[in-house]
């Protein structure tokens, strides 16, 4: 069972709040400790993906805030370039 890098991550498209809600649900289910091993591993993997997605979104938001503050009176926004966000 190899890791499929080509598989799309639905969390990438979901709003930040939805990602965090799902992560909370995953954590609660894992903390209960009553899932079979394979299901626990699958939930853990999902939790890691959700956590990384959330962290990436927060980093992007922080970068945008920094750009806005650095712009001073010249308040300009620009869309985030997805490829640029992944290069950090």
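Values quoted throughout were computed directly from the atomic coordinates according to the rules given, and no laboratory measurement underlies them. Not measured: the values here are computed from a predicted model.
Length available on full extension from residue 13 to residue 63: 0.36 nm per residue minus the Cα-Cα distance, which gives 16.1 nm.
Normalised by residue number, the volume inside the convex hull of the Cα atoms of segment 3-67 is 89 Å³ per residue.
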